[in-house]
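So the structure is just underneath, and the comments pick up after that.
The values are calculated or read from the model by the stated rules, or taken from the named source; none is laboratory data. Fair warning: this is a prediction, and the values are worked out from it, not measured in the lab. Note that each Cβ is placed from the backbone with ideal geometry, even for glycine, and that neighbours are counted across all protein chains shown.
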Amino acid sequence: MKALVYLGPKELELQDMEIPKDDVVIKVKESGICGTDLKTFLKGHPMFKPPVILGHECYGEVVGMTSDIPGITLGDLVAVAPYIECGKCEMCKRGVPELCKNKTYVETGCFAEYISMSREHACKALKKIPSDSSVFTLIEPLACVLNGFEKIGHCSNILVVGGGPMGALFAITAQDKGINVSVVETSDWRRKYLQSQKIELCDKCEEMKFDAIVMAVNKPELVNEYLENVENGGVLLLFSGYPSKSTLNVDPYSIHYREVGLFGCFGFAGKHFNEAKVLIERNPKNYERLITHQFSFAEAKKAFSLLNHAQAMKIILRS
Ligand SMILES: [Zn+2]
Ligand SMILES: [Zn+2]
């Protein structure tokens with residue numbers, strides 16, 4: 001099969017390799033490029049040591065099964081959760097399954113013609129989808145956004161700081177949920193995209209208050225600035241990742257006297273993946289507008305470069 005192999009920062013190579021042969025084999029139809037893939041491509045990542053196949057947002061067709069999987073038959077189109085919690089460990093019992101210590105995983109990245117996985121993982125991770133459509137690559141990133149909405153709780157207006165692919169997905173999801181949303185973004189390309197999608201830009205929001213503010217840009221120096229714009233009892237959510245050992249300078253006044261919650265979220269749990277699939281099936285048109293480009297594996301470097309220069313939202317790769 002053809003696979004896009006990451007060989008080190010800014011090094012990708014289309015290679016021929018054996019089709020993986022665990023219990024369940026999926027022929028990948030399309031994959032989305034995630035911020036994590038971009039970060040890894042640019043600077044490397046402690047979790048992805050080269051040579052390795054990246055990618056974890058995909059859907060495809062079930063083409064091999066060594067034994068029966070309840071509800072799944074050969075030829076089914078499925079979305080694939082890249083990891084799923086065990087449901088039994090301390091973290092799962094505590095209600096934070098996204099932090100499960102015993103997750104099962106898809107064996108390799110999905111920037112390849114095929115992926116495979118254990119039967120144990122497949123039983124929980126494969127979700128049947130109704131049609132062969134790019135929008136189903138968005139189930140995984142939407143699941144991460146829904147984890148964020150769970151941390152926020154009830155709210156009627158949100159400010160998203162950072163209008164990249166994930167910030168825009170947060171805004172698109174808020175619109176689907178009937179929540180007022182505006183986005184802070186400086187890049188021209190992204191601002192034009194957001195305007196074209198009727199997503200409000202917030203240019204003078206210093207005096208405004210929001211029930212929730214989502215930091216979808218990893219600039220720690222902005223956190224304290226925006227804390228003041230959170231309504232009493234509201235939430236500031238650290239949605240973007242920050243490097244370990246970085247520090248936040250935060251005035252505790254808002255956290256104590258105004259009871260503003262400062263939360264983070266990372267990844268998703270099975271329930272968010274299921275909920276994301278339901279939202280996308282119910283309103284695919286709302287979500288598919290996040291996909292702005294499609295490329296073949298051979299054009300992957302161009303795709304990563306567009307993302308890096310803030311000239312694209314979600315990019316789809318196919319073999
Ligand atoms: Zn992702
Ligand atoms: Zn667990």
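Give me a count of the residues in region 13-39 that are under 21 Å from V80 (Cα atoms), within 13 Å of ligand 1 (Cβ to nearest atom) and not in a strand (DSSP E or B). Let's see the steps before the verdict.
As a first pass, look at region 13-39 and keep what is under 21 Å from V80 (Cα atoms): 18-38.
Adding the requirement that they be within 13 Å of ligand 1 (Cβ to nearest atom) leaves 31-38.
Then drop every residue that is not not in a strand (DSSP E or B), which leaves 33-38.
Of the residues in that region, 6 qualify.
Any chance you could count how many residues in region 190-225 are surrounded by fewer than 20 Cβ atoms within 10 Å (Cβ to Cβ) and either farther than 15 Å from P165 by Cα or not charged (D, E, K, R) (or both)? Result for region 190-225: 23.
Is it true that some residue in region 34-48 is on the phi < 0 side of the Ramachandran plot, within 16 Å of ligand 2 (Cβ to nearest atom) and surrounded by 15 or more Cβ atoms within 10 Å (Cβ to Cβ)? Within region 34-48, not a single residue is on the phi < 0 side of the Ramachandran plot, within 16 Å of ligand 2 (Cβ to nearest atom) and surrounded by 15 or more Cβ atoms within 10 Å (Cβ to Cβ).
Taking the listed residues E185, E231, the one that is touching a Lys or Arg at 6+ places or on another chain (Cβ under 7 Å), within 16 Å of G153 (Cα to Cα), surrounded by 14 or more Cβ atoms within 10 Å (Cβ to Cβ) and at pLDDT 95 or above is E231, with no other qualifying.
Return the residue satisfying two criteria in turn: it lies in region 102-129 and is over 16 Å from F273 (Cα atoms) and more than 20 Å from the chain's Cα centre (by Cα), and of such residues it is farthest from ligand 2 (Cβ to nearest atom). It would help to see each step written out before you state the result.
The initial filter retains those residues of region 102-129 that are over 16 Å from F273 (Cα atoms), namely 102, 107-120.
Narrowing the set further to residues that are more than 20 Å from the chain's Cα centre (by Cα) leaves 102, 113-114, 116-120.
Numbers: N102: 5, E113: 31, Y114: 28, S116: 23, M117: 18, S118: 16, R119: 18, E120: 13 Å.
So the residue we want is E113.
Here P50 does not fit the description of being more than 14 Å from ligand 1 (Cβ to nearest atom) and free of Cβ contacts under 8 Å to residues at least 12 places away in the same chain. Only one of the listed residues (G75, G163, G87) is assigned by TED's automatic domain parsing to the domain that holds D22, small (G, A, S) and farther than 28 Å from L14 by Cβ. That residue is G87.
Does L248 qualify as being surrounded by 20 or more Cβ atoms within 10 Å (Cβ to Cβ), assigned by TED's automatic domain parsing to the domain that holds A174 and closer than 24 Å to K39 by Cα?
Working: surrounded by 20 or more Cβ atoms within 10 Å (Cβ to Cβ): no; assigned by TED's automatic domain parsing to the domain that holds A174: yes; closer than 24 Å to K39 by Cα: yes.
Considered against the rule, which asks whether it is surrounded by 20 or more Cβ atoms within 10 Å (Cβ to Cβ), assigned by TED's automatic domain parsing to the domain that holds A174 and closer than 24 Å to K39 by Cα, L248 comes out as no.
Here V63 clears all of (1) surrounded by fewer than 16 Cβ atoms within 10 Å (Cβ to Cβ); (2) away from ligand 2 (no atom under 16 Å from the Cβ); (3) not polar (S, T, N, Q); (4) not in a strand (DSSP E or B) except the condition numbered (4). Condition first: within 21 Å of I315 (Cα to Cα) and within 16 Å of ligand 1 (Cβ to nearest atom). Now tell me which residues in region 61-86 satisfy that. Result: A79, V80, A81, P82.
Restricted to region 88-113, and to residues there that are under 16 Å from M47 (Cα atoms) and buried (at least 18 other Cβ atoms within 10 Å of the Cβ), the residue that is farthest from ligand 1 (Cβ to nearest atom) is T104.
Here S116 meets the list (1) within 16 Å of ligand 1 (Cβ to nearest atom); (2) under 30 Å from Q15 (Cα atoms) almost entirely, failing just condition (1). For L42, state whether it is in contact with a Phe, Trp or Tyr (Cβ under 9 Å, 6 or more places away or on another chain), at pLDDT 95 or above, in the same structural domain as F295 (by TED's automatic domain parsing) and not in a strand (DSSP E or B). So L42 passes the test.
Of all the criteria given as (1) out of contact with any helix residue (DSSP H, G or I) (no Cβ under 8 Å at 6 or more places or on another chain); (2) over 24 Å from N147 (Cβ atoms), the one not satisfied by D251 is (1).
Quick one: is E150 within 16 Å of ligand 1 (Cβ to nearest atom) and not assigned by TED's automatic domain parsing to the domain that holds P70? Spell out how you get there, then give the answer.
Numbers: within 16 Å of ligand 1 (Cβ to nearest atom): no; not assigned by TED's automatic domain parsing to the domain that holds P70: yes.
Considered against the rule, which asks whether it is within 16 Å of ligand 1 (Cβ to nearest atom) and not assigned by TED's automatic domain parsing to the domain that holds P70, E150 comes out as no.
Count of region 182-201 residues, restricted to those that are part of a loop (DSSP other than H, G, I, E, B), out of contact with any strand residue (DSSP E or B) (no Cβ under 7 Å at 6 or more places or on another chain) and without any contact (Cβ under 8 Å) to a residue 24 or more places away in the chain, is 2. Taking (1) within 16 Å of ligand 2 (Cβ to nearest atom); (2) surrounded by fewer than 19 Cβ atoms within 10 Å (Cβ to Cβ) in turn, I84 satisfies each apart from (2).
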